[in-house]
1. So how far apart, in nm, are the two label points at W60 and Q194 if each is 7 Å from Cα heading toward Cβ?
2. Restricting to Cα pairs below 8 Å that are 6+ residues apart, what does the relative contact order work out to for the chain? Please round to a whole percent.
3. Give the angle, between 0 and 90 degrees and rounded to the nearest 10, that separates the Cα long axis of helix 87-96 from the longest principal axis of the Cα atoms of the chain.
4. For the pairs K166/K301; K167/K211; K24/K91; K192/K265, flag any whose C-alpha to C-alpha distance is greater than 21 Å.
5. Using label points projected 7 Å from each Cα along Cα→Cβ, tell me how many nm separate R67 and D217, to one decimal.
6. How many percent of DSSP beta bridges within the chain run antiparallel, rounded to 5?
7. Go ahead and set up a Gaussian network model of the chain, Cα springs under 10 Å, then flag whichever of I151, I93, I184 fluctuates most.
8. Identify which of A113, A87, A296 has the largest mean-square fluctuation in a Gaussian network model of the chain, with springs joining Cα atoms closer than 10 Å.
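The values are calculated or read from the model by the stated rules, or taken from the named source; none is laboratory data. Predicted, not measured: the structure shown is a model, and the values here were computed from it. Cβ placement follows ideal geometry from the backbone for every residue including glycine, while neighbour counts extend to all protein chains displayed. All accessible areas refer to the heavy atoms of the entire protein, side chains included, with ligands and DNA or RNA removed. Shrake-Rupley method; radii C 1.70, N 1.55, O 1.52, S 1.80 Å.
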Amino acid sequence: MKILHIANFSYNSHGAAFYNCDRKISAGWTRRGHFVYEFSLRDMARMGTIFRTKRLGTGWANAEVLRVCEYLQPDLVLLGHAQILAANTLKEIRRLYPNTRIAMWYVDWLSAADKVQYMQTFAPYLDALFATTGGTLLENVVPASVTRAFIPNPVERSVESLQNFKKQQFSHELIFCGTVGDDIERRVFMEKIQHDLAHLPLAFHGLLGQKQVEGVDYTNALSNTRMGLNYSRRNDIPLYSSDRIAQLTGNGLLTFSPRIPEFTKLYAEDELVYFDHVDDLIEKVNHYHRYPEQAAQIAEKGWQRAHSTCAVERVVRFMEETLLNQGYSEQYEWSDHVFFAQ
């Protein structure tokens with residue numbers, strides 16, 4: 001297929017977010033034998049006016065999408081986080097190219113209404129929606145006329161290229177990269193970890209007075225740390241995690257995660273270290289600090305699972321088979337979180 005992939009490729013960040021999902025997903029489709037034309041919608045909007053502002057250039061960027069379609073005539077228009085795309089642009093693609101499929105992927109939770117409202121306006125023109133949220137939130141986010149399917153956060157071997165379980169010496173024992181914002185519960189959780197694990201060298205970035213790290217500084221921080229904390233803003237949504245899970249397990253860190261509903265479909269009990277509450281987490285971090293051989297064994301199993309179950313080629317194959325609705329080539333662990341169009 002010829003695929004027009006409209007997403008946020010962040011040209012203006014100078015490669016600082018090279019590990020984001022946009023290019024991973026493009027790579028997966030390319031390895032499947034398809035041609036992928038990447039269209040960075042927000043960057044094109046900034047290019048659309050002499051003022052280099054996204055707001056003023058949105059109309060120009062939408063017109064440019066139609067010009068690309070004229071030359072490319074894609075078999076699939078694949079949307080990433082493309083909130084500034086106009087529904088009328090999709091309507092026009094439907095009118096001009098009735099055989100072109102339109103699908104969307106979304107790697108965030110679906111419970112924040114202000115973030116997903118635009119999906120309702122896109123729904124009349126979508127064939128499928130793929131999201132890292134499962135359960136009823138996924139089922140109900142758009143009408144049943146659209147196929148809705150869960151996908152795990154993809155792991156790309158050229159991006160998640162570390163194998164920390166093979167290392168013995170680390171400058172830090174536990175890493176967490178993220179923010180707390182105005183989430184008081186999250187702040188208290190992180191402050192307790194920082195206090196109770198003060199005897200260990202911790203790598204906290206982006207919170208509690210510590211600066212964020214990006215680009216190679218982020219991958220270097222991962223490389224120098226034995227264990228990682230996977231902790232999203234919502235940990236009670238079936239199968240949902242931020243893409244932090246792919247970056248931690250995919251790079252071979254021993255990864256700690258709360259007991260997310262149904263998450264053992266993706267990572268078994270001996271592939272992650274699941275915890276029930278903050279004191280349980282602290283106790284387990286101390287344990288694996290004392291027994292690094294055990295930490296390495298679990299980390300390696302998690303790494304193997306990440307690069308098999310969640311490999312981007314497999315995730316994309318699932319997307320393709322769901323979109324074409326011609327049956328699945330294998331049993332996907334999350335297949336009970338697929339809601340075909342009715």
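1. Rounded to a tenth, the inter-label distance reads 4.3 nm.
2. On the way: 619 pairs, mean separation 60.5, N = 342.
Taking the mean separation of contacting Cα pairs over the length of the chain, I get 18 percent.
3. That works out to roughly 50 degrees.
4. K167/K211; K24/K91; K192/K265
5. 3.7
6. 5
7. For the chain, modelled as a Gaussian network with Cα springs under 10 Å, the answer is I184.
8. Of the options given, A113 has the highest mean-square fluctuation.
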